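Remarks on the structure that follows.
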Amino acid sequence: MGTTQLETAPEPKYWHLKTVLSEALDSEFSVGEILPNERELAARFGVARATLRQALEQLELEGRLQRRRGVGTTVAPPRVGVAVDPARHTWPGTPGDDWQPVDAVESQNVPAAVARHLELAPGEQVHVVHRSRVTHGQPVAAEQLYVPARSVPEAETAAGAAVDAPARARTVLRELQQLELEGQDRSVELGSARADDAKELDRLPGAPVLVVTTRYFAGGRTAAVALSTYRADTCRLTFGDNETDAGVTVLAS
């Protein structure tokens, strides 16, 4: 078989620089230490600032670095495990759920992909439950759970009587739990942080995130859809091999 163009292509400069920077992080810097500015780093390694930015972005994506508002680029701390278990056949908000309810609102505006999953009619009302997940005092994920009003017909009146925002969210979740869950599925993809998620996760808009889409089935159709956004710089998702350990493990600093 002949040699392909990709096999003969030289290693990109930024990729080589990433390796050099990674070794420097291990030997010269400590966790939480702020890196020198781009001008200093580019001069030290003899590269253009554009090449340096590409290398830094790759190291951030791999969880070696963190960029924080008003702080700069710092060395990321070690990761710790936070379990997310798709084999646990339960509705959101049941005992053992690590997500915290933040608020719930009614809306007709939902992402197009969610509308297709839910088979929404034009103008159909949907409860949007906002939840957050925190580990070791740091936000690691934000979630929007979309529940059609038809799935929880009693939720509107009950949520309207709730005294605060988290109570509204809990009310919708309780109504959802009255349905018989027939199953669920999950998909994972790499995305970019929207402005609202970036602010909640202490990230910059456009930062890499992992988006987990979960569909919950009841009554022969999709009863709810959750879009869970995890910090890609501190999260790694792994899946088990069998029914007993199948799951998603999120490693977060």
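The values are calculated or read from the model by the stated rules, or taken from the named source; none is laboratory data. None of the values given here were measured: they were computed from a predicted structure. As a convention, Cβ positions derive from the backbone with ideal geometry for all residues, glycine included, and neighbour counts pool all protein chains shown. Each accessible area value is taken on the protein alone, full model and side chains, heavy atoms only, with ligands, DNA and RNA left out. Shrake-Rupley method; radii C 1.70, N 1.55, O 1.52, S 1.80 Å.
Using only the Cα atoms of region 13-75, build the gyration tensor, take square roots of its eigenvalues as a ≥ b ≥ c, and label the shape rounded, prolate or oblate: rounded if a/c is under 1.5, else prolate if a/b is larger than b/c, else oblate.
It is rounded, given that a/c, with a ≥ b ≥ c, falls under 1.5.
Each peptide in 205-214, 174-183 receives the mean, over its residues, of other Cβ atoms within 10 Å, and ordering these scores from highest gives 205-214, 174-183. Counting Lys and Arg as +1 and Asp and Glu as -1, what is the net charge of the other residues whose Cβ lies under 14 Å from the Cβ of residue 55? Within the 14 Å Cβ shell, the charges total +1. Considering only alpha-carbon pairs that sit under 8 angstrom and 6 or more positions apart, the relative contact order computed for region 13-75 is 44 percent.
Extension gain for residue 182 to residue 156 (0.36 nm times residue separation, less C-alpha to C-alpha distance): 7.0 nm.
Accessible surface computed residue by residue for region 13-75, with neighbouring protein chains in place and a 1.4 Å probe, gives 58 Å² per residue. Each residue of region 53-59 was assigned a 3J(HN,Hα) from its phi angle through the Karplus expression (A = 6.51, B = -1.76, C = 1.60, θ = phi - 60°), giving 4, 4, 5, 5, 5, 5, 5 Hz with x at Gly and Pro.
Compare the peptides 27-35, 52-60, 98-106 by average per-residue count of other Cβ atoms within 10 angstrom and give them in order, highest first.
Result, highest mean first: 52-60, 98-106, 27-35.
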